[in-house]
Amino acid sequence: MEDRLIEVEVAYARPERQVILNIKMTIPATIEEAIKASGILDQFPEIEPLMGVGLFGQQHPLETQLRDGDRVEIYRPLIIDPRAARRERALKQ
């Protein structure tokens with residue numbers, strides 16, 4: 001039986017540089033496996049396995065099974081809580 005392949009994207013962004021890598025994987029495949037297979041960890045050694053990850057803006061665990069066309073996103077830690085930033089902006093106005 002022939003292995004089924006899926007295409008997924010692995011995305012990571014820093015303020016000065018954004019990367020989206022297209023990879024093909026055999027199923028079943030997880031978010032964690034896609035991150036490792038993409039080679040993105042070589043480009044961005046600061047990525048930690050416990051950083052937030054998700055699919056299309058929704059946070060998911062590393063063990064989540066992928067489907068064809070999924071975009072795996074690796075999230076950076078927030079510098080400031082969005083609610084606190086909103087409060088600060090409101091106070092300045």
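Taking R89 and the conditions (1) at pLDDT below 90; (2) surrounded by 12 or more Cβ atoms within 10 Å (Cβ to Cβ), which numbered condition does it fall short on, given that it satisfies the others?
Result: R89 fails condition (2) only.
Evaluate the following for Q18: is it among the polar types (S, T, N, Q) and more than 10 Å from the chain's Cα centre (by Cα)?
yes
In segment 44-93, what residues are within 24 Å of R4 (Cα to Cα) and among the aliphatic types (A, V, I, L, M)?
Within segment 44-93, L55, L62, L66, V72 qualify.
Kindly check whether there is at least one residue in segment 44-63 that is surrounded by 16 or more Cβ atoms within 10 Å (Cβ to Cβ) and touching a Pro at 6+ places or on another chain (Cβ under 9 Å).
Scanning segment 44-63 turns up at least one residue that is surrounded by 16 or more Cβ atoms within 10 Å (Cβ to Cβ) and touching a Pro at 6+ places or on another chain (Cβ under 9 Å).
Which one is surrounded by the fewest Cβ atoms within 10 Å (Cβ to Cβ) among residues in segment 6-37 that are of a type in the set (G, A, S) and closer than 12 Å to L66 by Cβ?
Among residues in segment 6-37 that are of a type in the set (G, A, S) and closer than 12 Å to L66 by Cβ, the one surrounded by the fewest Cβ atoms within 10 Å (Cβ to Cβ) is A37.
The values are calculated or read from the model by the stated rules, or taken from the named source; none is laboratory data. Keep in mind the model is a prediction, meaning the values are calculated, not measured. For neighbour counting, all protein chains shown are included, and Cβ atoms are generated from backbone atoms with ideal geometry for every residue, glycine included.
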